[in-house]
Amino acid sequence: MSSSPSSVRAVDIAVRLRGVTKVYDSGVAALGPIDLSIAKGEFVSLLGPSGCGKSTALRLIAGLADPSSGALDIAAASATTHPGHRIGFVFQEPTLMPWTSVRDNVGLPLKLAHVPAAEAQPRIDAALAQVGLADFGDAFPRELSGGMKMRASLARALVTRPDILLMDEPFAALDEITRFRLNNDLLALWRSLNMTVLFVTHSVFESVYLSQRVLVMTARPGRLSAEIRIEAATRDDAFRASPAYADACRRVSDALAPAYTGVHAL
Ligand SMILES: Nc1ncnc2c1ncn2[C@@H]1O[C@H](COP(=O)(O)OP(=O)(O)OP(=O)(O)O)[C@@H](O)[C@H]1O
Ligand SMILES: [Mg+2]
């Protein structure tokens, strides 16, 4: 079953792009025009060939770059969110500062926002606990495994209590077992923290496992070519082994294939 992005009610929208394009100064038309709406609390994955503009889309939504045309709306921060910190960003590389502790790395966004230490410390502790790193606050990044570095990077995004979490291929460099574990932990956090998640991945399997909706993009300049809704009663090992999962993976793969041959589905 699929539904048009416009079926999301305006009041429930966390992120909306209308006719958004991005042309870099170099002249590269990286993205769009693209129209998409993400409902509050939704988990959506963005899938597409390398260079189609996925990271560009995240950067526009995060306000790290400006669209060349079109309209971009981000829902107002909720009352419980620290002003100005409604969007969290997890980059593909953990990008931790090597010279300081995990605790200081996780606390960096609060320091930049001038949050007093007395308020910051419990929030850092909470974020470390949320990602399973409660005992590693005093460790240095070099003492962490790849998966733990990614957990620290996730904690650094969560410490701002974001309404919207943007994740750019966060688990791509991890082995499969670690990736599965982080997938499950991310799902648990998404449920308990009531966040909207936009997740970029190259993995069809990962996108289907995690998301309620998979958006497939064309080759550059990326536009949406398909939207696949994933219905799942539970997201666990049983789902991964189910015919419904295999069927959804096939549908996403089929939708993705034209982008790799230069023939677009839409
Ligand atoms: N800052 C920039 N200046 C100029 N061109 C850029 C910039 N960032 C990205 N591009 C170009 O825009 C296009 C889209 O890049 P983007 O990083 O958004 O793709 P992507 O879908 O995230 O790719 P990947 O899957 O490989 O991460 C590419 O051609 C890239 O070279
Ligand atoms: Mg990218």
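The values are calculated or read from the model by the stated rules, or taken from the named source; none is laboratory data. Since this is a predicted model, take the numbers as computed values, not measurements. Here the Cβ positions follow ideal geometry from the backbone for every residue, glycine too, while neighbour counts run over all protein chains shown. Please note that ligands, DNA and RNA were not included when accessible areas were found on the heavy atoms of the full protein model with its side chains. Shrake-Rupley method; radii C 1.70, N 1.55, O 1.52, S 1.80 Å.
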Tell me, please, whether a residue that is outside any loop (DSSP other than H, G, I, E, B), surrounded by 16 or more Cβ atoms within 10 Å (Cβ to Cβ) and either in contact (Cβ under 8 Å) with a residue 40 or more places away in the chain or within 18 Å of the chain's Cα centre (by Cα) (or both) can be found in the stretch 116-123. no
Could you tell me whether ILE87 is surrounded by 19 or more Cβ atoms within 10 Å (Cβ to Cβ), at pLDDT 95 or above and out of contact with any Cys (no Cβ under 7 Å at 6 or more places or on another chain)? no
Of the numbered conditions (1) among the aliphatic types (A, V, I, L, M); (2) part of a loop (DSSP other than H, G, I, E, B); (3) open to solvent by less than 70 Å² (accessible area, probe 1.4 Å), ALA259 fails exactly one; give the number of that condition. (2)
What residue, of ALA152, ALA219, ALA172, ALA188, is more than 16 Å from ligand 2 (Cβ to nearest atom), small (Gly, Ala, Ser) and outside the structural domain of LEU112 (by TED's automatic domain parsing)? ALA188
Exactly one of (1) within 14 Å of ligand 2 (Cβ to nearest atom); (2) open to solvent by 30 Å² or more (accessible area, probe 1.4 Å) is unmet by PRO49. Its number? (2)
Number of positions in the stretch 222-246 that are over 29 Å from SER55 (Cα atoms) and within 16 Å of ligand 1 (Cβ to nearest atom): 0
Given the condition assigned to a helix (DSSP H, G or I) and more than 16 Å from ligand 1 (Cβ to nearest atom), answer yes or no: does some residue in the stretch 95-102 qualify? yes
Cβ-Cβ distance below 6 Å, separation of 6 or more or different chains: which pairs start in the stretch 159-175 with a residue that is farther than 20 Å from ILE124 by Cα and end on one that is within 14 Å of ligand 2 (Cβ to nearest atom) and open to solvent by 10 Å² or more (accessible area, probe 1.4 Å)? ASP168/SER55; ASP168/PHE91; ASP168/GLN92; GLU169/GLN92
Lone unmet requirement of (1) within 16 Å of GLY41 (Cβ to Cβ); (2) away from ligand 1 (no atom under 16 Å from the Cβ) for LEU154: (1)
The condition from (1) outside the structural domain of SER225 (by TED's automatic domain parsing); (2) polar (S, T, N, Q); (3) open to solvent by 40 Å² or more (accessible area, probe 1.4 Å) that SER101 misses is numbered (3)
Which numbered condition ASP135 fails, given (1) in the same structural domain as GLY63 (by TED's automatic domain parsing); (2) open to solvent by 10 Å² or more (accessible area, probe 1.4 Å): (1)
Considering only the stretch 57-69, state which residues are open to solvent by less than 40 Å² (accessible area, probe 1.4 Å), under 14 Å from GLY222 (Cβ atoms) and free of Cβ contacts under 8 Å to residues at least 60 places away in the same chain. LEU60
Filter the stretch 232-244 down to the residues that are in contact (Cβ under 8 Å) with a residue 12 or more places away in the chain and within 21 Å of the chain's Cα centre (by Cα), then identify the one that is farthest from LEU189 (Cα to Cα). ARG240
Residue match in the stretch 13-27 (condition: surrounded by fewer than 17 Cβ atoms within 10 Å (Cβ to Cβ) and either within 13 Å of ligand 2 (Cβ to nearest atom) or of a type in the set (A, V, I, L, M, F, W, C) (or both)): yes
